[in-house]
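For reference, the structure discussed in these notes is given below.
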Amino acid sequence: MKKIWKKKVAGILTLSLAVASLFTGCGKKEEKKDDNQTVAEATEAAEGSEVDTEAPVEKRKIVIATSGSGPEPFCYTDESGELTGYDIELIRLVFEGLPQYDVEFAVCEFQSIFTGIDTGIYQVGLNHLGYNKERAEKYLYTDTYDVGSHSIAVRKGYDEIKSLADIGGHSTQITAASANETTFLRYNEEHPDNPLDLTYIEVDNTLVDVANGVVDFEYFTTATLEAQIAEKGLEDKIDLIPVPIEDSENFTGGLKGIFYIVAKDDTQLADDINARIEELIADGTVAELRAEWFGDSADELTLEYVERCKEYIANELSE
C-alpha cells in the first residue's frame with residue numbers, strides 16, 4: 001500500500017506540473033522550481049519524501065553468565081576458547097527464536113553468576129544448575145531443560161559402595177552452592193550417626209582423586225562422568241555404578257531437573273524462555289540435541305516432566 005500511495009502522489013505532482021507548463025508555452029527552457037530544482041528533480045524528491053513510520057524496535061540486551069569451566073558436556077570452553085556444551089547450545093537455540101533480545105555471554109566465577117544477577121549485570125545464569133528451595137526463593141527457575149541418569153564413580157575394585165544406600169561414612173568432595181552440596185548436607189542432617197565425610201574444593205578434580213584413593217566416590221550425571229573419564233584417561237581406574245532415576249530423585253529431594261535462572265522480578269524474560277523451551281521440546285529439537293551430545297541412549301525429556309517440575313517448585317514455595 002505504501003508503494004502504491006507513493007506512485008499516486010508522484011503522478012499527481014507530475015500531472016500538475018505538466019499542465020502548468022502548457023500555460024508557459026512549449027519549447028521553452030525546462031521550468032525550475034524552488035530556484036534550481038527542475039520538474040524531474042521535484043518529482044523524484046516527492047517520491048522519496050514519505051517519512052518511514054516503522055522505526056526499528058529496540059532490543060533488550062541479555063547477558064548470560066556461566067563459569068565456562070564445566071561440567072562437560074554441559075557447559076565448558078573448548079580448545080579454541082569458545083563456549084559450548086548442551087546447556088550452551090540449547091540456550092542459543094532458545095534465543096534464536098526470541099528476536100526481541102540481543103544476547104551475549106559472560107564468563108565469570110561460579111558465585112559471581114548469582115551476585116551478577118542480583119545487581120543486574122547479568123540477566124540469565126547458566127551452569128547446569130540443579131534445584132534447591134533456598135535458591136528458588138531468590139531467583140526464578142526456568143522450565144527444566146535436562147533430566148539425565150546419575151552414577152556413582154568409585155575406583156576400580158572398590159566394593160564397599162554398590163548403591164546410594166552404601167555411601168554413609170564415605171568421603172567425597174563438593175563445591176560451594178552446587179547441587180551436590182545441598183544434597184549431601186541434607187543427607188548428613190538425616191544421617192547424623194553415619195554422615196558423609198565432605199571436603200570443600202574450589203577446582204573440581206574429584207574424579208582423579210577418586211581414582212587415586214584420596215576420596216571414596218563421586219556422584220554426578222552419568223554423561224559428565226563418562227566424558228571426564230575419557231578426557232582424563234581413567235577408563236582402567238574408575239568404575240561407574242548406575243543409579244536408577246527414582247533413587248536419584250529421592251536422594252536429591254524429589255526433583256532432578258536442570259534449569260536456567262533469572263532475577264525474581266524478571267517474569268517476562270522467564271516466560272519467553274519457557275515458551276521457547278517447550279516449543280523446542282514439542283518439535284523434537286531438544287531430542288535431537290540430546291542425542292547429539294549424549295548419544296541415542298539419552299533419557300527423554302518430555303513436556304510432562306517439565307510440568308511435574310513446575311508443580312513441584314510451586315508447591316514447595318507455597319509451603
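Would you please give the FRET efficiency between ARG92 and GLU190, computed as 1/(1 + (r/R0)^6) with r the Cβ-Cβ distance and R0 = 41 Å, to the nearest 0.05? Calculated value: 0.55. Which of the aspartates and glutamates could a cross-linker span from LYS156 if the Cα-Cα distance has to be under 15 Å and same-chain partners fewer than 8 positions apart are dropped? Straight-line reach from LYS156, under 15 Å: ASP209, ASP216, GLU218, GLU226, GLU235, ASP236, ASP239.
Loop-located GluC sites (Glu not before Pro) in the range 153-229 (DSSP state not H, G, I, E or B) with no more than 16 neighbouring Cβ atoms inside 10 Å: GLU160, GLU202. A simple packing score, the average count of other Cβ atoms within 10 Å per residue, orders the peptides 62-70, 130-138 as 62-70, 130-138, with the highest score first. Near the amide H of PHE217, within less than 5 Å, lie the amide hydrogens of SER171, all on another chain or at least 5 residues away, with H placed in the peptide plane. Here the calculated FRET efficiency for VAL214 and THR115, from their Cβ-Cβ distance with R0 = 30 Å, stands at 0.45, rounded to the nearest 0.05. Each part gets one Cα centre, and for the range 94-139 versus the range 180-231 those centres are 25 Å apart. Of the GluC sites (Glu not before Pro) found in the range 75-127, those in coil by DSSP whose Cβ has at most 16 other Cβ atoms within 10 Å are GLU79, GLU82, GLU109.
Taking 0.36 nm per residue of separation and subtracting the Cα-Cα distance, full extension of the segment from LEU198 to LEU240 would add 13.1 nm. Loop-located GluC sites (Glu not before Pro) in the range 227-289 (DSSP state other than H, G, I, E, B) with a sparse environment of at most 10 neighbouring Cβ atoms within 10 Å: GLU235. Cβ-Cβ distance of ALA165 and TYR101, R₀ of 45 Å, FRET efficiency by 1/(1 + (r/R0)^6): the value works out to about 0.45. Listed cross-link partners LYS237/LYS310; LYS59/LYS264; LYS61/LYS138; LYS138/LYS232; LYS59/LYS256; LYS61/LYS232 are compared with a 30 Å cut-off, the Cα-Cα value being larger for LYS237/LYS310; LYS138/LYS232; LYS59/LYS256; LYS61/LYS232.
Computed from the coordinates by the stated procedures, all read-outs in this text should not be read as laboratory data. Just so it is clear, the model here is predicted, and its values are computed rather than measured. As a convention, Cβ positions derive from the backbone with ideal geometry for all residues, glycine included, and neighbour counts pool all protein chains shown.
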